[in-house]
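**Student:** Mind having a look at this structure? Questions to follow.
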Amino acid sequence: MGPKNRRAYILVVPSLFTTGNLFCGFYSIIHSFTNNFEAAAYAIFLAGIFDVLDGRVARITHSTSKFGVEYDSIADVVSFGVAPAVLAYVWALQPFGRLGWASAFFFAACGALRLARFNTIAEELPKAYFLGLPIPAAAYSIAASYIGLSQLQFEYAPYVVLLLSPLLGFLMVSSIRYRSFKDLDLKRKRSFVWIVVIVIGIAVIATQPELGLGLLFAYYVLGGALREVYLFIKNPSDRQKKYIAPQFVTTDQTQEDPPGGKS
């Protein structure tokens with residue numbers, strides 16, 4: 001096999017994982033319409049695994065391409081924008097009529113805007129943070145909400161989702177910073193408290209996965225927002241200078257993570 005043919009073959013590999021991501025989103029939508037909400041929720045989580053793998057495979061095989069980036073974004077709109085919006089609407093928001101579908105649409109539209117903004121300014125953002133809530137995290141929050149609230153048989157779940165969907169949409173298009181964990185150095189020394197917290201987290205997820213997943217995403221979503229409020233109160237001018245305006249970021253801080261590390 002010549003070099004050109006080999007290159008053409010390698011370019012297909014990450015796209016297969018992206019197609020798996022897209023399939024999971026489509027699978028989730030189909031099962032939402034058949035009221036199999038558990039399968040729909042777990043399909044969104046599975047889509048996230050494919051979304052991570054396509055970027056990793058592309059970098060390992062040195063087969064990143066603009067096609068891969070664009071295809072991945074389209075798949076993400078379906079799996080992390082439309083699929084969780086459909087899940088939220090069919091599961092909880094239908095009784096609210098127009099308000100319900102407007103809430104679901106707002107989530108999906110903000111997810112698409114989030115991806116478009118990321119693709120536009122990704123090279124200007126610091127590696128350690130995302131600008132706005134990543135769309136996979138927002139989608140996972142909807143999926144985890146179904147799993148957790150259905151397990152608890154919480155009777156006011158529709159009202160929670162009615163507020164949660166637009167809130168997540170707003171956070172996706174906001175200027176709030178969320179950790180990307182791409183700068184995480186596992187070799188650095190950590191305090192003993194962090195080890196205890198990690199062990200407790202693993203124990204909770206292992207014994208009560210439904211509750212553990214919900215708490216995990218609640219911590220990520222709310223933690224980033226509360227941190228920004230604290231930093232703004234502490235020093236608003238410094239926060240605006242360092243974190244909102246991309247032009248203050250130097251080139252050696254830019255992230256290069258096509259096609260699977262976006263959001």
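The values are calculated or read from the model by the stated rules, or taken from the named source; none is laboratory data. Please read all numbers here as calculations on a predicted model, not as lab measurements. Side chains are part of the model used for accessible areas, which takes the heavy atoms of the whole protein and leaves out ligands, DNA and RNA. Shrake-Rupley method; radii C 1.70, N 1.55, O 1.52, S 1.80 Å.
**Student:** For Tyr129, which sequence-distant residues (separation of 5 or more, or a different chain) have an amide H within less than 5 Å of its own amide H, given hydrogens modelled in the peptide plane?
**Tutor:** Ser180
**Student:** Just to be sure I understand the curve: with the Debye formula and one point per C-alpha of region 12-58, what is log10 I(q)/I(0) at q = 0.14, 0.29, 0.32 Å⁻¹?
**Tutor:** Values, matching the q order: -0.32, -0.89, -1.00.
**Student:** With a 1.4 Å probe and all protein chains kept in place, how do Phe107, Phe37 rank by accessible area, largest first?
**Tutor:** Highest to lowest solvent-accessible surface, that is Phe37, Phe107.
**Student:** Still on this structure: Hey, if you drop one equal point scatterer on each alpha-carbon of region 73-157 and run the Debye formula without solvent, what base-10 log of I(q)/I(0) do you get at q = 0.12, 0.16, 0.20, 0.22 Å⁻¹?
**Tutor:** -0.40, -0.66, -0.91, -1.02
**Student:** Can you compute 3J(HN,Hα) from phi for each residue in region 96-105, using the Karplus curve 6.51 cos²θ - 1.76 cosθ + 1.60 with θ = phi - 60°, rounded to whole Hz and x for Gly and Pro?
**Tutor:** The phi angles translate into 8, x, 4, 4, x, 6, 5, 5, 5, 5 Hz.
**Student:** Could you order Glu228, Glu155, Glu38 by accessible surface area, starting with the largest, using a probe radius of 1.4 Å?
**Tutor:** Correct descending sequence by accessible area is Glu155, Glu38, Glu228.
**Student:** Rounded to the nearest 10 Å², what accessible area does Thr120 show when all protein chains are kept and the probe is 1.4 Å?
**Tutor:** Accessible area, nearest 10 Å²: 110 Å².
**Student:** With a 1.4 Å probe and all protein chains kept in place, how do Trp101, Trp91 rank by accessible area, largest first?
**Tutor:** So, going from the largest accessible area down, we get Trp101, Trp91.
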